[in-house]
1. Which of the lysines could a cross-linker span from residue 284 if the Cα-Cα distance has to be under 16 Å and same-chain partners fewer than 8 positions apart are dropped?
2. Work out the FRET efficiency for residue 196 and residue 158 from their Cβ-Cβ distance, taking R0 = 22 Å, and round it to the nearest 0.05.
3. Mind pulling the angle between the C-alpha long axis of helix 55-64 and the longest principal axis of the chain? Nearest 10 degrees, somewhere in 0 to 90.
4. Given 0.36 nm per residue, what is the gain on full extension from residue 66 to residue 292 after removing their alpha carbon distance, in nm?
5. Separation between the residue 18 and residue 144 pseudo-spin-labels, each 7 Å from Cα along Cα→Cβ, expressed in nm?
6. Please work out the FRET efficiency for the pair residue 88 and residue 302, using the Cβ-Cβ distance as r and a Förster radius of 30 Å; give the result to the nearest 0.05.
7. Please compute, over every Cα-Cα pair in the stretch 75-150, the percentage with a separation greater than 14 angstrom.
8. Going by average Cβ neighbours within 10 Å, how do the peptides 303-309, 92-98, 80-86 rank, with the highest at the top?
Amino acid sequence: MEFSHFSVMLGECIEALDIKQDGIYVDCTAGGGGHSGEILKRLTSGKLISIDQDDDALATCKDKFKEYGNRSILVKSNFSELDTVLSELGIEKVDGVLMDLGVSSFQLDTPVRGFSYNTEARLDMRMNVQNPFSAYELVNTYSEAELKRIIFNYGEEKFAPLVAKKIVSAREVKPIETTTELADIIKSAIPVAAAKKEAQHPAKRTFQAIRIEVNHELDVISPAIDTAVNRLNEGGRIVIMTFHSLEDRLVKTKFNDYAKGCICPPDFPVCVCGNKAKLKVITKKPVTASNRELELNSRSKSAKLRVAEKV
Ligand SMILES: C[S@@+](CC[C@H](N)C(=O)[O-])C[C@H]1O[C@@H](n2cnc3c(N)ncnc32)[C@H](O)[C@@H]1O
Ligand SMILES: [Zn+2]
């Protein structure tokens, strides 16, 4: 199947990486290879390591990047394993790291992957289909309190208590097996007047929350930034695009911590920690998509791009 994915802020990300033709780069989220392809085009003797945990994404990239021979290295892994991936390749330092977080449009639009509330499929939502834990297990085993927490925190769903309660009472009758079954249960939990006011499907926020939990999407970000910072050469860039306010906050906080250096309590008269800044933040405010891109791709609406440089 054709892996179609409209790469968000493609030009902005590539410019931010400030690519050197002989550098070593890592795309932690290869997906349909949009960003990876643009990096590869700019390399002569350099190399690109493209990581993804999704087999379909890697198969697409393999096909797309044949012409680049061993300049393109594809690795199936979670980017939380970045340190191991680089060690196994015998790579000490890199010149740039890119993360385009979240789900690809290919994953969302392929019914059997069970990400979408619009098409009937077994509940799944795993980016890595080798993982044993899917949306089916989550929806049918999490306690009401756990469901409420993730739906509220990751989905920013104000009716999370009602949704969690409905899920639990529905599964007492029989397990919730499909995407559309779950979407109908969620819809029935949201007050009609509130649902009517919205243009989007009432299940959208809850589906997002379940996907984030199934794939541990928030847990992997900070450790991966730590590895990237350690592995970057001086002047190397780390470029991260997020699609959720919690993701953006994690990136912003990490970048600011690394840019601060000194971690002494504010009332200390002189620095005793000796910590030095490791990053310079290039984007004081996150970069967002241009009006033209917003018109072409609604997914770019929530995108925020942050860039920092190793010092
Ligand atoms: C938004 S898409 C990337 C699209 C890509 N930049 C392009 O231009 O085609 C995100 C991709 O990252 C992968 N992904 C998300 N989190 C990951 C993780 N922790 N480790 C490895 N891959 C991940 C997903 O499987 C998906 O293919
Ligand atoms: Zn200090």
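The values are calculated or read from the model by the stated rules, or taken from the named source; none is laboratory data. Just so it is clear, the model here is predicted, and its values are computed rather than measured. With ideal geometry, Cβ positions are generated from the backbone for all residues, glycine too; neighbour counts draw on all protein chains shown. Just so you know, the surface numbers come from the protein's heavy atoms only, side chains and all, with ligands and any DNA or RNA stripped out. Shrake-Rupley method; radii C 1.70, N 1.55, O 1.52, S 1.80 Å.
1. 252, 254, 260, 304, 310
2. FRET efficiency, residue 196 to residue 158: 0.90.
3. So the inclination is approximately 50 degrees.
4. 78.2 nm
5. About 5.5 nm separates the two model spin labels.
6. Efficiency computed from Cβ-Cβ geometry: 0.30.
7. Distances greater than 14 Å cover 72 percent of the Cα pairs.
8. My ranking of the peptides, most packed first, is 303-309, 92-98, 80-86.
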